[in-house]
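Worksheet: one structure, shown below.
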Amino acid sequence: MHEEKELSLARFTAQLAETRALLGAHLGLYQIHSATAESGCLEDTSLLRALVEGRRAGAYRAVGLTLSGPTSARALEQARAARADGEPVFDVVQATFNCLEPSLAAPLAAAHDAGLGVIVKEALANGRLTPANTRPEDASLLGALGETAGRLGCGIDQLALAFVLAQPFVDVVLSGAATTAQLASHLKRPARWPPSPSPRPATGGGAARSAGAERRRETPHRRPLVAAEAPRCRHGTAGPRRGGLRAARRRRHRAPRRRARSIRRRAPRTDHLDRGSASRVPRREAHPNEDGIWCRRSGC
């Protein structure tokens, strides 16, 4: 089977008409397949303008391109710079990315930050990252991947897909499954994902910071003194509760309120002092004792 890659305006016009006849209004994304920097399609102003006009007319919602070959990074740069009447042409890029071919990670991340959607193809490296790979030269690779997958409770294909999906710039991953069994295997989530990070030994300033944090954890939190925790003196009398010590001092030095009808002052009773009854001792203002605890008893 021969694949025809003619990236011209005439070919685009013919293919768009055929596609719309088959899909009608269900065409959401139109992509240029295998756009390379050498093909010149990314600098063809007539083709770029036709792509934008089709999006404006509602023939499709987005325009994309797929990358292939060793000049994919340069082609992606040209696609990001492509404009038609001052409007960006491409909305989506589809590229190869997997744990064996991660060279486009930085360009794809930059494209994603610029607003382009990122679709990943060949996430399983055309079957090399699956148990179906029987190539002798990949025996050591499959052994290392199998050991890691075993610790995570998954298969090699699931590990490869999880690696791609974990990248923050990836929006869609093409599975490439050809059978229902392959699709079911690809959709199975690893039992232990994401893997727990290995502990890092603290060195230098990090050790000092860790020791300081450990001391802070061991030191009990000292809350400020509140009314419910007012200290008690040896008589069992609690200190002032309402408003704390400062409020008590303010009340003590506040000028007494005089009543308008007060004409004469009543002399204090002194006859009960000879009886020795502690319960008849006149009420005294709270005062701090030698321990700094406020009490109303004299001599405390």
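Can you tell me how many residues in the stretch 99-111 are in contact with a Phe, Trp or Tyr (Cβ under 8 Å, 6 or more places away or on another chain), modelled with pLDDT of 95 or more and surrounded by 15 or more Cβ atoms within 10 Å (Cβ to Cβ)? Steps first, answer last, please.
Let us first name the residues in the stretch 99-111 that are in contact with a Phe, Trp or Tyr (Cβ under 8 Å, 6 or more places away or on another chain), namely 99, 104-105, 108-109, 111.
Cutting the leftovers down to modelled with pLDDT of 95 or more gives us 104-105, 108-109, 111.
Checking the rest, the ones that are also surrounded by 15 or more Cβ atoms within 10 Å (Cβ to Cβ) come to 104, 108-109, 111.
Counting residues in the stretch 99-111 that are in contact with a Phe, Trp or Tyr (Cβ under 8 Å, 6 or more places away or on another chain), modelled with pLDDT of 95 or more and surrounded by 15 or more Cβ atoms within 10 Å (Cβ to Cβ) gives 4.
Would you be able to say whether some residue in the stretch 117-137 is over 25 Å from Ser185 (Cβ atoms) and touching a residue at least 24 places away in the same chain (Cβ under 8 Å)? Even if it seems obvious, please write down each step before you answer.
Taking the stretch 117-137 first, the residues over 25 Å from Ser185 (Cβ atoms) are 117.
In the following step, the residues that additionally are touching a residue at least 24 places away in the same chain (Cβ under 8 Å) were identified as 117.
Yes; the residues of the stretch 117-137 include at least one that is over 25 Å from Ser185 (Cβ atoms) and touching a residue at least 24 places away in the same chain (Cβ under 8 Å).
Scanning the stretch 26-46 for residues being within 21 Å of Gly117 (Cβ to Cβ) and in a helix (DSSP H, G or I) gives a total of 3.
The test for being assigned to a helix (DSSP H, G or I) and either touching a residue at least 12 places away in the same chain (Cβ under 8 Å) or under 39 Å from the mean Cα position of the chain (by Cα) (or both) holds for Leu16.
Conditions (1) within 16 Å of Val93 (Cα to Cα); (2) surrounded by 12 or more Cβ atoms within 10 Å (Cβ to Cβ); (3) touching a helix residue (DSSP H, G or I) at 6+ places or on another chain (Cβ under 9 Å); (4) free of Cβ contacts under 8 Å to residues at least 60 places away in the same chain, marked per residue:
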site: Leu23; (1), (2), (3), (4): no, no, no, yes
site: Leu27; (1), (2), (3), (4): no, yes, yes, yes
site: Ser34; (1), (2), (3), (4): yes, yes, no, yes
site: Leu42; (1), (2), (3), (4): yes, yes, yes, yes
site: Leu51; (1), (2), (3), (4): yes, yes, yes, yes
site: Arg56; (1), (2), (3), (4): no, no, no, yes
site: Thr66; (1), (2), (3), (4): yes, yes, no, yes
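Mind checking whether some residue in the stretch 71-83 is assigned to a strand (DSSP E or B) and either within 35 Å of the chain's Cα centre (by Cα) or closer than 24 Å to Arg20 by Cβ (or both)? Yes, the stretch 71-83 has at least one match.
Do we have any residue at all in the stretch 120-134 that's touching a helix residue (DSSP H, G or I) at 6+ places or on another chain (Cβ under 9 Å), farther than 26 Å from Ala181 by Cα and in a loop (DSSP other than H, G, I, E, B)? Taking every residue of the stretch 120-134 in turn, none turns out to be touching a helix residue (DSSP H, G or I) at 6+ places or on another chain (Cβ under 9 Å), farther than 26 Å from Ala181 by Cα and in a loop (DSSP other than H, G, I, E, B). Every test in (1) under 25 Å from Leu51 (Cα atoms); (2) modelled with pLDDT under 95; (3) under 27 Å from the mean Cα position of the chain (by Cα) is passed by Thr96 save one, and that test is (2).
Determine which member of the set Ala149, Ala139, Ala110, Ala106 is touching a Gly at 6+ places or on another chain (Cβ under 7 Å) and either at positive phi or assigned to a helix (DSSP H, G or I) (or both).
Values: Ala139 fails: touching a Gly at 6+ places or on another chain (Cβ under 7 Å); Ala110 fails: touching a Gly at 6+ places or on another chain (Cβ under 7 Å); Ala106 fails: touching a Gly at 6+ places or on another chain (Cβ under 7 Å).
When all the criteria are applied, what remains is Ala149.
The values are calculated or read from the model by the stated rules, or taken from the named source; none is laboratory data. Owing to the predicted nature of the structure, the values given are computational and were not obtained by experimental measurement. Here the Cβ is made from the backbone with ideal geometry for all residues, glycine too, and neighbour counts use every protein chain on show.
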